[in-house]
């Protein structure tokens, strides 16, 4: 028994549908593969950014804690041979250099991961054209 609301499809219509499906399947697979590659690349870049952020935070905390504790000890030790103001400037200079190095390493990590754009995947796609 046939339903009046749905017309029966002919053999030719079904054949056309199957041929169209077979032609589109490779394209769909290729698009899914590229989306997966882009997702993997973005994940890697986000991981690099996260590492950079952690290094910047650690550098900031180290700068605060060590500047407070070790700077006081360094000033006291240098004050034995130098005037107090000279000892303070020497210790400040040492800590400024160390802080700058740690923050520079963290910022380098941030630059590698930000913005999280799949550049490698886009470059590979444009080469295929």
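The values are calculated or read from the model by the stated rules, or taken from the named source; none is laboratory data. Predicted, not measured: the structure shown is a model, and the values here were computed from it. Neighbour counts run over all protein chains shown; Cβ positions are idealised from the backbone, glycine included.
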Output the qualifying pairs, or none if there are none: Cβ atoms under 6 angstrom, residues six or more apart or on different chains, first residue in segment 100-129 and on the phi < 0 side of the Ramachandran plot and outside any helix (DSSP H, G or I), second residue surrounded by 14 or more Cβ atoms within 10 Å (Cβ to Cβ) and at pLDDT 80 or above. 114/49; 116/42; 116/45; 118/38; 118/41; 118/42
With the structure loaded, tell me whether residue 73 is assigned to a helix (DSSP H, G or I) and surrounded by 11 or more Cβ atoms within 10 Å (Cβ to Cβ) or whether it fails that test. no
